[in-house]
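Below is one structure, written out as structure tokens, with a few remarks after it.
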Amino acid sequence: MNSFMILFWYWWAAALLLLVMEILVPGTYFLWMAVSAVIIGNLMLAFPQTGLAAQIAIFAILSMIAIWIGRKYFRDTRYQSEQPLLNQHAANCIGQTATLVQPLNNGEGRVKIEGTIWRVRGPDAAQGSIVKIIDTDGMTLFVELIDSYQ
């Protein structure tokens, strides 16, 4: 009776499947498991007589080591952007001055900054007054009055 043998290319196929899973599922666990499967496939190419239990045990140990090393490496090398507020348009407005295009009545009005109309909150002021953006809350800008328009 012939027993089922795991061949080296089975491990390479498993590595390919793990890489596909890495693309579909967030995280980096499957990547490191795929690396381990490639290593086991290469070991099987060199030592085809290795038993299934030994292959699985080595795969499990290599996967744990690879995941640990991978997490340690990526945790220590986080990328720091040169423009941390790149897609935070409201936060980019802090510190800018703008002219009210709608008066601040009951603490709410509108300003135009670089072609975009923003809702603002601050002290009551007439249309045409100059305000400085001091804070944000979502897409609402908080302003202080710099120069009032009479």
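Table for the structure above
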read-out: Number of positions in region 125-145 that are of a type in the set (A, V, I, L, M, F, W, C), under 13 Å from residue 101 (Cα atoms) and assigned to a loop (DSSP other than H, G, I, E, B); value: 1
read-out: Leading residue by the ranking (modelled with the lowest pLDDT) among those in region 95-124 that are in a loop (DSSP other than H, G, I, E, B) and open to solvent by 80 Å² or more (accessible area, probe 1.4 Å); value: 114
read-out: Number of the exception - residue 70 against (1) at pLDDT 90 or above; (2) open to solvent by less than 60 Å² (accessible area, probe 1.4 Å); (3) under 30 Å from residue 36 (Cβ atoms); value: (1)
read-out: Residue under evaluation residue 70, criteria (1) under 22 Å from the mean Cα position of the chain (by Cα); (2) part of a loop (DSSP other than H, G, I, E, B), criterion not met; value: (2)
read-out: Search result, residues across region 73-94 that are in contact with a Ser or Thr (Cβ under 9 Å, 6 or more places away or on another chain) and not in a helix (DSSP H, G or I); value: 88, 93, 94
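The values are calculated or read from the model by the stated rules, or taken from the named source; none is laboratory data. It should be emphasised that the depicted structure is a prediction, and the values quoted were computed from it without experimental measurement. Every residue, glycine as well, gets a Cβ built from its backbone with ideal geometry; the counts of neighbours run over all protein chains shown. Please note that ligands, DNA and RNA were not included when accessible areas were found on the heavy atoms of the full protein model with its side chains. Shrake-Rupley method; radii C 1.70, N 1.55, O 1.52, S 1.80 Å.
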